[in-house]
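The values are calculated or read from the model by the stated rules, or taken from the named source; none is laboratory data. The structure presented is a predicted model; accordingly, all values stated were derived computationally and were not measured. Heads up, the Cβs are rebuilt from the backbone with ideal geometry, glycines too, and the neighbour counts pull from every protein chain shown. Side chains are part of the model used for accessible areas, which takes the heavy atoms of the whole protein and leaves out ligands, DNA and RNA. Shrake-Rupley method; radii C 1.70, N 1.55, O 1.52, S 1.80 Å.
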Amino acid sequence: MCGIVGYIGNRKATPILINGLLKLEYRGYDSAGIATLEDEDITIIRNKGRVKELKKSKDLDKAQGTIGIAHTRWATHGKPSVVNAHPHIDCHKNFAVVHNGIIENHIELKKFLTDAGYTFVSETDTEVIPNLIDYYYSKEEESNDRLLKAVYRATQDLKGSYALAIISKIEKDTMIIARKDSPLVVGDGEGEKFVASDIPAILEYTNKIFILNDGDLVKITRDNITFFDEDFEKVQRKAEIIEWSSKSTDKGEYESYMLKEIYEQPNAIRETIGTRIVQNDKCDFSDINITKEFLESVSHIYIVACGTAMHAGVAVKPIIERLTNISVEVDIASEFRYRKPIVGDDTLIICISQSGETADTIAALKYAKKKGAKSIAITNVMGSSITREADFTLYTHAGPEVAVASTKAYTSQITLLTLLAIHFAEVLENEDKEIIDNLKNELTEIPSKVSIVLENSEKIKEFAKRVYKEKDLFFIGRGIDYAAAMEASLKLKEISYIHSEAYQSGELKHGPIALIEDDVTVVGIITDRRLVNKSISNLQEVATRGAKILIVTDQGIDEKIFENIVKIPKIHPFLSPILSIIPLQLLAYYISKEKGLDADKPRNLAKSVTVE
Ligand code: M6R
């Protein structure tokens, strides 16, 4: 969702701001803008649509300043338009603000400010913020920290979530930033500072990054970064040195981020396994402290997440149950707290979130914590909000995932959660050594098996050409294959805009088979050896009714019966979604490509969903 970039230094700010916005495009947006501080005034340039159009705008020549803020907006309050685009400025044109989040009490604040003589031009919730800052600035005594104090007072009035960056034509050498429930980082350079919603936007300038805590208010000058906590006390924060190269956020030789990330999966999985599997010993999870006593006390594990991350949970539920003998329930985060689940101090909640910023997942985690649950966060983003809430954090090491459609995060999440299940079993002194050893061996072989699948994409490309004009597609599977079918269906919907459904193969006869007619496409996933014959029967039932069939399988299925079979290497049934999803990620990708769509930036979607 909305993206923020800021710069204060001695270089011209505009190119740095635009470059940062381009790096944040993955978050999803519908308008963009920048504000720079000139000698006397603040210049604001905004447009509806893409950053590349903003970049071409002749007006950018007017933005010559060395301090600036920029924004990509994903519309919530007010339609996408120039007037609703950020930055917003107060009616006296003193303070420009970019904001990510939602101000829930903006109506009452607007009334208060209108009564005080302030005027508004946009439909946004954000516009109250610069006006509120102006209001408090006028009430503050003259001092070096007058702007800082005014921003602090303004944030005290805000209900909701925000990441803010503020510049002012009155205090010309200062930028103030603040965060509550929306991500924000500051990069420390020599005589210059960078601000962004996410590290990749500024990584090419500095790898020394401060990740703001919730409630932080920060005063930034060219040479200093001063932190204040939620009680407005001066505090020290420690910088992280980021090890990703800025190249890892470039497309490189690939035509899109999504394709690049699909092809990065062998490495993402390898990096996620890292040094956790130890030869002739237990897995290394020394970064978390889960004891036997605790696991023995757990009566219930909830896995809570959204979208693809939730599908990773569905895929690992059987492994965790099998290895721990503890029942696992997988919940959609946006539903979790409203259904009032049974949570207590005998509950373990595992929250999965690639971005670590998904509002619903974080809200579910907070709910469970309040009820006494212990929590583990699985995320791909260092220092993300979820890591601040959870008792323990485990990182997938997939590297930055830029494309909106999640691919390498999914397979890395399954990998890490499988390792975690093994760890639980080892802590519990589970006797089932054979399955544990098998899984460990198979996990180490998975990166090369994924490479094999990736090298054989021709059949998928051909099939995409045959089906890209269709209106509906079905993905079916039994057991763990159904988990992969759910994820395959989501990938297709997201980037090709084709309606699709995932069903448990055995469920077709209970209703959905009524939708099958000549030429409807059904994709079957068959990796569970015990269920091959049953799954084949289900596919024959739809074939007889005219369906076109594609099968993804590691089993020996007769090619005389089914013409389109994509073979994947044999794999432990528990791990099969890691392999079976790969051709189906590619199928979604090539269908989207045939349709001439931009797979990296599907319509209406944002990479990181920071509002509920
Ligand atoms: O960052 P998260 O893993 O918390 O994101 C959860 C979902 O929003 C995400 O998986 C979404 O479904 C993706 N677009 C799927 O490709």
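Give the Debye-formula value of log10 I(q)/I(0) at each listed q (0.12 Å⁻¹), with one equal scatterer per alpha carbon of the chain, two decimals each. Log-scaled intensity ratios, in q order: -1.19. Per-residue packing, averaged as other Cβ atoms within 10 Å, sorts the ranges 483-493, 575-585, 426-436 into the order 575-585, 483-493, 426-436, beginning with the highest. Which of rounded, prolate or oblate describes the range 3-249 when judged by the alpha-carbon gyration tensor and an a/c cut-off of 1.5? Taking the square roots of the gyration eigenvalues as a ≥ b ≥ c, the range 3-249 is rounded. Which shape class, rounded, prolate or oblate, goes with the range 458-594 when its Cα gyration tensor gives a ≥ b ≥ c as root eigenvalues, a/c under 1.5 marks rounded, and past that a/b bigger than b/c marks prolate? Since a/c stays below 1.5, the shape of the range 458-594 is classed as rounded.
Per-peptide packing, taken as the mean over residues of other Cβ atoms within 10 Å, places 52-62, 3-13 in the sequence 3-13, 52-62 from highest down. Are any of the pairs Lys23/Lys408; Lys469/Lys593; Lys366/Lys408; Lys548/Lys593 more than 23 Å apart by Cα-Cα distance, and if so, which? Flagged as over cut-off: Lys366/Lys408.
Annotation for the range 72-118 versus the range 257-302: alpha-carbon center distance of 43 Å.
With the cut-off at under 11 Å, measuring from each backbone N in the range 463-497 to a point 7 Å along the Cα-to-Cβ line of Arg322 picks out 480.
Pairs Lys374/Lys493; Lys208/Lys282; Lys48/Lys369; Lys461/Lys560; Lys208/Lys234: which are spaced more than 30 Å apart, C-alpha to C-alpha? From Lys374/Lys493; Lys208/Lys282; Lys48/Lys369; Lys461/Lys560; Lys208/Lys234, over 30 Å: Lys374/Lys493; Lys208/Lys282; Lys48/Lys369. Phi-derived couplings, Karplus 6.51 cos²θ - 1.76 cosθ + 1.60 at θ = phi - 60°, listed residue by residue for the range 52-61: 5, 6, 4, 4, 7, 4, 4, 4, 4, 4 Hz, with x used for Gly and Pro. Near the amide H of Ile277, within less than 5 Å, lie the amide hydrogens of Asp284, all on another chain or at least 5 residues away, with H placed in the peptide plane. The share of accessible area on the chain that comes from carbon and sulfur is 46 percent, using a 1.4 angstrom probe.
What separates the Cα centres of the range 415-494 and the range 520-575 is a distance of 15 Å. Karplus-derived 3J(HN,Hα) values for the range 62-71, using 6.51 cos²θ - 1.76 cosθ + 1.60 with θ = phi - 60°, are 6, 8, 9, x, 9, 10, x, 10, 8, 7 Hz; glycine and proline are entered as x. Accessible surface calculations at 1.4 Å, restricted to protein heavy atoms, place the chain at 39 Å² per residue. Over all other residues within a Cβ to Cβ distance under 14 Å of Thr221, the charged ones net out to -3, with Lys and Arg as +1 and Asp and Glu as -1. Pairs with C-alpha atoms separated by more than 19 Å, drawn from the list Lys149/Lys169; Lys93/Lys139; Lys238/Lys607; Lys449/Lys567, are Lys238/Lys607. Computed packing ranks the peptides 338-349, 190-201, 33-44 as 190-201, 33-44, 338-349, most packed first, by mean other Cβ atoms within 10 Å.
Mean residue ellipticity, 222 nm, helices only, the chain: the sum of -39500 (n - 2.57) across DSSP H runs of n ≥ 4, divided by residue count and rounded to 500, is -11000 deg cm²/dmol.
For Val330, the residues whose amide H sits under 5 Å from its own are Ile303, ignoring neighbours fewer than 5 places away on the same chain, with H placed 1.01 Å from N. What the Cα atoms of the range 150-252 give is an Rg and a Dmax of 14.0, 45 Å. Sequentially through the range 335-349, phi angles give Karplus couplings (6.51, -1.76, 1.60; θ = phi - 60°) of 9, 3, 6, 7, 8, 6, x, 7, 10, x, 6, 9, 10, 10, 10 Hz, Gly and Pro residues having no value and appearing as x.
Angle of helix 128-139 to the longest C-alpha principal axis of the chain, folded into 0 to 90 degrees and rounded to 10: 30°. Shape class for the range 257-454: oblate, because the ratio a/c of the largest to smallest gyration tensor axis (alpha-carbon atoms, square roots of eigenvalues) is 1.5 or more and b/c is at least a/b. Less than 5 angstrom separates the built amide H of Gly524 from those of Ile476, Leu550, Ile551, Val552, all sequence-distant by 5 or more or on a different chain.
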